[in-house]
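Please read the structure below before turning to the comments.
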Amino acid sequence: MRFVFLLLLITVPAFAADAPVVLVTVACHDYFVVDLGAKRYALVEWYGGYRPEKGDIVSGDFSHFGAQDAAVKGRRLRIYVEDYDLTQDAINDKLAEKCR
């Protein structure tokens, strides 16, 4: 019983990261790319709120797929992490596939 109680007290914080926007597509949907560091990137789709621009710093969780709220300059935006932990070549391939 004590063990269960201790587990209830332990909380796992959400993984939030600040990632710079390195590419915003204009001719293809509403995708943008954030730099996760160590030459790894995430492909993100914008759904609403503040529309990020190249150079903006987005605060969000880029460690899993799915929809979420994020922030840029204190403004909220709704995003969908399409893919993450990608190399530059993989990002180029994904965008070429999605932007035909």
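Residues in segment 48-61 that are within 20 Å of CYS28 (Cβ to Cβ) and either aliphatic (A, V, I, L, M) or out of contact with any Lys or Arg (no Cβ under 6 Å at 6 or more places or on another chain) (or both): ARG51, PRO52, GLU53, LYS54, GLY55, ASP56, VAL58.
Confirm whether LYS39 is touching a residue at least 40 places away in the same chain (Cβ under 8 Å), exposed (fewer than 14 other Cβ atoms within 10 Å of the Cβ) and of a type outside the set (Val, Ile, Thr). Answer is yes for this residue.
In this structure, does ASP35 turn out to be of a type outside the set (S, T, N, Q) and more than 17 Å from ALA16 (Cα to Cα)? Criteria not met by ASP35.
Reported count of residues in segment 42-78, each being of a type outside the set (A, V, I, L, M, F, W, C), surrounded by 17 or more Cβ atoms within 10 Å (Cβ to Cβ) and more than 9 Å from the chain's Cα centre (by Cα), is 3.
Every number in this text was worked out from the coordinates using simple rules, so none of it is lab data. Being a predicted model, the structure only gives us computed values, none of them experimental. Please note: Cβ atoms are built from the backbone with ideal geometry, for glycine as well, and neighbour counts cover all protein chains shown.
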